[in-house]
Amino acid sequence: VPSSMFGSTFNGQLFKSTEYGTDFYSIKPDKDINGAWVTPFIMHPQNSNILYAAYKNVYKSNDAGESWISLSTELSEENLQNLAVSLSNDNYIYTATHTKLYKTTNGGTEWIEVPTGFSDLAITSICISPNDPNKIWLSLSGYNELDKVYYSANGGESWSNISEGLPNVPVNEIVMRLNSRNELFAATDIGVYYTHADTNKWFDYSINLPNVIVSDIEIIEPLNKLRAATYGRGIWEADLPEPLPSKANFEAN
C-alpha cells in the first residue's frame, strides 16, 4: 500500500503510518518487551504484509503489523541483534545475538542453535543466498585480523573463513546480488568491499566514498545501484559492476 510506512526507534519501539507518514501509531508486538538498541525489524522479501521482529524471541505479523504471533519460546536469554528470512524458502529464518546463531527450517515451529566456533567475535549481520537457504554468510565485528566474514554452504554445519582482502576493522553488513555468482558487498568501518565467485579475496569498492563508517548497504536491483548509509556523512550511491557471465555446463555427446 503506497500510503503505508514503517519505522522504529531504540529498544524495539515499532511504528506504522497509513497516511504517508503524517501520523504514526505503535505496532510493537508486546508493550512489556524491550529489544536491542537497534532491534531487528524486517519485511518479508516478497510479501509486504508480512513483518518480522526479533527481541528475545522472533515475532511475525501477517497483517502489516496489526497483530503478531511469536515464532519461538524462550529462544534466547539475550536480546537478538540480527534477523534474516530466506528469499527462496521463507521457512528458513536465521537470527543471532552477538555471539549465538539460531535457525529454523520450518517457519518457526522448531529452532536450533547453530555452532559457529567464533564466539569471541560479535555477529553483525546474516546474509542468505537468494537461491539456496543453506548458503549463508556472517559478518563480524572486532579487530581479529582475517576474522571478518565466514561462509557456510550447509546451513551452518561447517564454516569457511573468506576474509582475505578485508581491512582489520569491523564488518557491519553483507549483501548479495540477485542472480549472480556469489557477488557480495561488505560494509566496513572504512568503506565498501566487493567479492565474487571467481576470486578468493575482497576488493575495495569505495571510489569517491568518504573515509567513514558504512553502517548499512542495500542493492537496488531495478536501478542497478548500490546504496551505502554512512555514520554522519549521509547516503551514497554507486553503480553495480558489470554482472559476471554464467559459466557453461558442458555434457558429453
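The values are calculated or read from the model by the stated rules, or taken from the named source; none is laboratory data. In this text the structure is predicted, and so the values were computed from the model without any measurement. Virtual Cβ from ideal backbone geometry, glycine too; neighbours counted across all protein chains shown. Side chains are part of the model used for accessible areas, which takes the heavy atoms of the whole protein and leaves out ligands, DNA and RNA. Shrake-Rupley method; radii C 1.70, N 1.55, O 1.52, S 1.80 Å.
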Exercise for the section: Heavy atoms only, probe 1.4 Å: what % of the accessible area of region 105-253 goes to carbon and sulfur, would you let me know? Expected result: 47
Practice task
Mind sorting out which of (i) 18.5, 66; (ii) 21.2, 84; (iii) 18.4, 63 is the real Rg and Dmax of the Cα atoms in Å computed from the coordinates?
Solution key: (i)
Problem - Cross-link partners of Lys31 among aspartates and glutamates (Cα-Cα below 19 Å; sequence separation of 8 or more within a chain) - result: Asp63, Glu66, Glu74, Glu77, Glu78
Problem - Ser48 versus Glu19: modelled label distance in nm, points set 7 Å from Cα along the beta carbon direction - result: 2.0
Exercise for the section: Hey, for a label at Asn62 modelled as a point 7 Å past Cα toward Cβ, could you say which residues of region 99-121 have their backbone N under 20 Å away? Expected result: 104-111
Handout entry: For region 1-57 and region 94-122, distance of Cα centres in Å
Key = 22
Completion exercise
Once Glu242 and Glu145 are pulled to full extension, the length gained, defined as 0.36 nm per residue separation minus their Cα-Cα distance, is 31.9 nm
Handout entry: Set of region 177-194 residues, backbone N closer than 15 Å to the point 7 Å along the Cα-Cβ line of Glu164
Key = none
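As a quick test, which of the pairs Lys60/Lys148; Lys56/Lys201; Lys201/Lys225; Lys56/Lys100; Lys28/Lys56 have an alpha carbon distance above 24 angstrom in this structure?
Among Lys60/Lys148; Lys56/Lys201; Lys201/Lys225; Lys56/Lys100; Lys28/Lys56, the Cα-Cα distance tops 24 Å for Lys60/Lys148; Lys56/Lys201.
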Exercise for the section: DSSP loop (so not H, G, I, E, B), at most 12 other Cβ within 10 Å: list which GluC sites (Glu not before Pro) in region 152-183 pass both filters. Expected result: Glu157
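For the chain, what is the accessible area per residue in Å², given a 1.4 Å probe and the full set of protein chains?
That works out to 52 Å² for each residue.
Give the relative contact order (percent, whole number) for region 118-253; include only Cα pairs under 8 Å separated by 6+ residues.
Numbers: 303 pairs, mean separation 20.3, N = 136.
In percent, rounded to a whole number, it is 15.
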Practice task
Taking only Cα atoms and a 10 Å spring cutoff, compute GNM fluctuations for the chain and point out the largest among Tyr194, Tyr25, Tyr102.
Solution key: Tyr25
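If we count every other residue with Cβ under 10 angstrom of Ala153's Cβ, Lys/Arg +1 and Asp/Glu -1, where does the sum land?
Residues close to Ala153 contribute a combined charge of -1.
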Exercise for the section: Check each of the trypsin sites (Lys or Arg not before Pro) in region 1-66 and keep only those in coil by DSSP with at most 11 other C-beta atoms within 10 angstrom; list them in order. Expected result: Lys31
Practice task
Take the solvent-accessible surface of the protein heavy atoms, probe 1.4 Å, and return the percent of it on region 36-82 that carbon and sulfur atoms account for.
Solution key: 45
Problem - Per DSSP, loop trypsin sites (Lys or Arg not before Pro) in region 154-253 with at most 14 further Cβ within 10 Å - result: Arg181, Lys201, Arg233, Lys247
